[in-house]
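First up is the structure itself, then whatever we jot down about it.
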Amino acid sequence: MMPAPLLPSDPSDLARAVARLREAMHVLVLTGAGISAESGVPTFRGPEGLWRDFRPEDLATAEAFERDPRLVWEWYDWRRQSVAEARPNAAHVALVRLENRVPEMLVVTQNVDGLHGAAGTRRVVELHGSLWRLRCVDCRQEQDDRRAPLPELPPRCACGGLLRPGVVWFGEALPQQALFESFTAAQRAEVVIVVGTSSVVYPSAALPQAAKSVGAFVIEINPEATNLTPIADVSLRGTAAGLVPALVEGAA
């Protein structure tokens with residue numbers, strides 16, 4: 001038997017969120033690691049996310065790749081294999097249903113697992129890139145490659161250059177086009193749904209703040225209080241897979 005969804009302690013909070021979402025024509029959704037946890041994706045910093053004796057912060061840098069590209073790729077190939085068997089959960093699927101109903105909706109994710117796209121969401125901004133995208137350090141061409149494990153480490157481009165993971169590493173700027181699209185959506189949003197993120201990583205953490213400053217209704221879904229909680233209009237405590245479908249189905 002499937003566990004019952006974890007509903008907020010005050011049912012009126014869910015009712016308020018449903019009422020505002022039902023009327024919204026422009027919706028922004030910001031997601032973090034918490035939305036993919038129930039798909040079995042290892043969290044970046046959790047104990048199951050550690051690899052050998054290295055910290056992620058020591059491997060996810062351009063400097064580490066320059067020093068030892070094979071070591072960095074061994075870690076990313078392990079991550080790709082860990083994610084390859086994951087499937088979208090009920091929260092990802094519910095957001096597809098919401099996108100099909102709302103005239104204008106954008107999902108902005110901090111995740112690199114590709115599960116929003118796999119679920120069928122059409123408009124997704126991957127702020128931190130994707131594990132399934134490879135970029136040549138010489139010719140800068142990008143390619144998608146979902147093979148896991150990769151047949152060669154480190155992989156090479158057709159031009160002969162090294163391919164690096166198509167993700168944003170520590171010390172690198174987020175893509176300007178992705179930021180522009182995200183903050184433009186924040187300025188237009190009537191409702192912002194923030195799912196499974198601690199709201200400590202900027203500039204993505206500034207998106208709900210930017211939207212609220214122009215009148216958006218901010219809904220937080222997270223098992224615990226976060227930095228966003230003090231400014232959220234409603235904070236729903238529970239799992240993404242339990243609460244996102246309840247919110248979307250209630251607003252249908």
Cα pair distances in the chain, grouped into 5 Å bins until the bin that holds the longest one, percent each: 1, 6, 13, 18, 18, 15, 11, 8, 5, 3, 1, 0
Determine the distance separating the Cα centre of region 91-169 from the Cα centre of region 66-88; give it in Å without decimals. 13 Å
Cα-centred dipole magnitude for region 55-119, charges only on beta-carbon of K, R (+1) and D, E (-1), debye, nearest 20: 340 debye
How much length is gained if the chain between THR229 and ARG22 is pulled fully straight, taking 0.36 nm per residue apart and subtracting their Cα-Cα distance, in nm to one decimal? 72.3 nm
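Sum -39500 (n - 2.57) across every DSSP H segment of at least 4 residues in the chain, then divide by the residue count to get the 222 nm mean residue ellipticity, nearest 500.
Result for the chain, helices only: -10500 deg cm²/dmol.
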Pick out, in residue order, every one of the GluC sites (Glu not before Pro) in region 138-199 that is DSSP loop and has at most 12 other C-beta atoms within 10 Å; say none if there are none. GLU152
Mean separation of Cα contacts under 8 Å, 6 or more apart, over the residue count of the chain: relative contact order %: 29 percent
The summed charge of the VAL96 Cβ neighbourhood (under 14 Å; Lys/Arg +1, Asp/Glu -1) stands at +3
Kyte-Doolittle mean at least 0.5, axial Cα span of 15 Å or more - DSSP H helices of the chain: 240-251
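No value in this document is a laboratory result; all are computed from the given coordinates. Keep in mind that this is a model prediction, so the values were computed, not measured. Cβ sites come from the backbone with ideal geometry, for glycine too, and all protein chains shown count toward neighbours.
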